[in-house]
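J.: Encoded as structure tokens, here's the structure I'll be asking about.
The values are calculated or read from the model by the stated rules, or taken from the named source; none is laboratory data. All values reported here derive from a predicted model rather than from experimental measurement. Cβ: placed from backbone, ideal geometry, glycine included. Neighbour counts: every protein chain shown. Just the protein is used for accessible areas: all its heavy atoms, side chains included, with ligands, DNA and RNA removed. Shrake-Rupley method; radii C 1.70, N 1.55, O 1.52, S 1.80 Å.
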Amino acid sequence: ETGVTQSPTHLIKTRGQQVTLRCSSQSGHNTVSWYQQALGQGPQFIFQYYREEENGRGNFPPRFSGLQFPNYSSELNVNALELDDSALYLCASSEQETQYFGPGTRLLVL
Amino acid sequence: AQSVSQHNHHVILSEAASLELGCNYSYGGTVNLFWYVQYPGQHLQLLLKYFSGDPLVKGIKGFEAEFIKSKFSFNLRKPSVQWSDTAEYFCAVKGSGNTGKLIFGQGTTLQVKP
């Protein structure tokens, strides 16, 4: 157990809809990173938040956006969902260089 | 572009066999290196990490990895695997200056037969 929690665990949406995924970081960790893991692939970096500011972004379109709150919890928002957005979305929290992952949210887009 | 390559996609071993999983990366600067494991139905867990110093690092559950800078490699080893080691293993790299971005390999599925 890392202390990183994510909600919901599973989600089904249809194309064009919007989704919000949530993450609570491990106590004392001020940095949250989000990853997308497609089936059979390694996680792909979406972006990172440090003290409520975006602190690095991967190769994902602007319809992927995020927030970090004063308590360091975070949200990932995806607009205009596409079928290819179906994946496991992972949140990781860190204080220094090591990231600790939550259980993920499995999103299915129909 | 920075990348991580794991050579073995699917490995099948019998219990007590030795394990070595290959990982090579492409990045020109200083790196932090990680191995994560994902047991069936569980989340990604940190096995071990290398930042600096002794290139042979030991992790949990008897795993170790060796950083060979000249070969851009960070191979994972275990002398004797157990059935409970059945899982997916991911190598990951963070380059200096790459704020927060971990680059993962595609993963290696290890199946240990009892």
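J.: Residue under question is A:Ser86, and the condition is that it be over 28 Å from A:Gly28 (Cβ atoms), at pLDDT 95 or above and among the small types (Gly, Ala, Ser); does it hold?
T.: Working: over 28 Å from A:Gly28 (Cβ atoms): yes; at pLDDT 95 or above: yes; among the small types (Gly, Ala, Ser): yes.
The answer is yes for A:Ser86.
J.: Sticking with this one: Of all the strands (runs of 3 or more DSSP E) wholly in the range A:28-95, which have at least 3 residues that are open to solvent by 40 Å² or more (accessible area, probe 1.4 Å)? Before you say what the answer is, go through the steps one by one.
T.: Values: elements: A:31-37, A:44-50, A:53-57, A:64-68, A:74-78, A:87-94.
Once the strands (runs of 3 or more DSSP E) in the range A:28-95 are filtered for at least 3 residues that are open to solvent by 40 Å² or more (accessible area, probe 1.4 Å), what remains is A:53-57.
J.: Also: Among the acidic types (Asp, Glu), open to solvent by 40 Å² or more (accessible area, probe 1.4 Å) and farther than 18 Å from A:Ala92 by Cα - does that describe any residue in the range B:65-76? Let's see the steps before the verdict.
T.: Of the residues in the range B:65-76, the ones among the acidic types (Asp, Glu) are B:66.
Now restrict to residues that are open to solvent by 40 Å² or more (accessible area, probe 1.4 Å): B:66.
Within this subset, residues satisfying the condition of being farther than 18 Å from A:Ala92 by Cα are B:66.
Yes, there is a match, as at least one residue in the range B:65-76 is among the acidic types (Asp, Glu), open to solvent by 40 Å² or more (accessible area, probe 1.4 Å) and farther than 18 Å from A:Ala92 by Cα.
J.: Counting only residues that are of a type outside the set (Gly, Ala, Ser), within 14 Å of chain B (Cβ to nearest Cβ) and in contact with a Cys (Cβ under 8 Å, 6 or more places away or on another chain), how many does the range A:42-101 have?
T.: Residues that pass the stated criteria total 2.
J.: What's the total number of residues in the range B:26-47 that are farther than 23 Å from B:Ser80 by Cβ and either open to solvent by 20 Å² or more (accessible area, probe 1.4 Å) or touching a helix residue (DSSP H, G or I) at 6+ places or on another chain (Cβ under 6 Å) (or both)?
T.: 8
J.: Could you say which residue among B:Glu88, B:Glu66, B:Glu20 is without any contact (Cβ under 8 Å) to a residue 60 or more places away in the chain, assigned to a strand (DSSP E or B), under 27 Å from A:Arg106 (Cα atoms) and of a type in the set (Asp, Glu)? Step through it out loud before you land on a result.
T.: Numbers: B:Glu66 fails: under 27 Å from A:Arg106 (Cα atoms); B:Glu20 fails: under 27 Å from A:Arg106 (Cα atoms).
Result: B:Glu88 is the single residue among B:Glu88, B:Glu66, B:Glu20 that is without any contact (Cβ under 8 Å) to a residue 60 or more places away in the chain, assigned to a strand (DSSP E or B), under 27 Å from A:Arg106 (Cα atoms) and of a type in the set (Asp, Glu).
J.: Residues in the range B:91-113: is at least one surrounded by fewer than 17 Cβ atoms within 10 Å (Cβ to Cβ) and away from chain A (no Cβ under 14 Å)?
T.: Looking for residues that are surrounded by fewer than 17 Cβ atoms within 10 Å (Cβ to Cβ) and away from chain A (no Cβ under 14 Å), one finds at least one in the range B:91-113, hence yes.
J.: Are any of the residues in the range B:48-59 under 19 Å from B:Phe104 (Cβ atoms) and in contact (Cβ under 8 Å) with a residue 40 or more places away in the chain?
T.: If we filter the range B:48-59 for residues that are under 19 Å from B:Phe104 (Cβ atoms), which is where we start, we get B:48-51, B:57, B:59.
Narrowing the set further to residues that are in contact (Cβ under 8 Å) with a residue 40 or more places away in the chain leaves none.
Within the range B:48-59 (the criterion being under 19 Å from B:Phe104 (Cβ atoms) and in contact (Cβ under 8 Å) with a residue 40 or more places away in the chain), the answer is no, since none of the residues qualifies.
J.: Can you find even one residue in the range A:98-109 that is assigned to a loop (DSSP other than H, G, I, E, B), out of contact with any Phe, Trp or Tyr (no Cβ under 7 Å at 6 or more places or on another chain), among the aliphatic types (A, V, I, L, M) and open to solvent by 20 Å² or more (accessible area, probe 1.4 Å)?
T.: Going through the range A:98-109, the residues assigned to a loop (DSSP other than H, G, I, E, B) turn out to be A:98-99, A:102-104.
Keeping just the survivors that are out of contact with any Phe, Trp or Tyr (no Cβ under 7 Å at 6 or more places or on another chain) gives A:98-99, A:102-103.
Of the ones still in play, those that are also among the aliphatic types (A, V, I, L, M) are none.
Checked against the condition, which is being assigned to a loop (DSSP other than H, G, I, E, B), out of contact with any Phe, Trp or Tyr (no Cβ under 7 Å at 6 or more places or on another chain), among the aliphatic types (A, V, I, L, M) and open to solvent by 20 Å² or more (accessible area, probe 1.4 Å), the range A:98-109 yields no hits at all.
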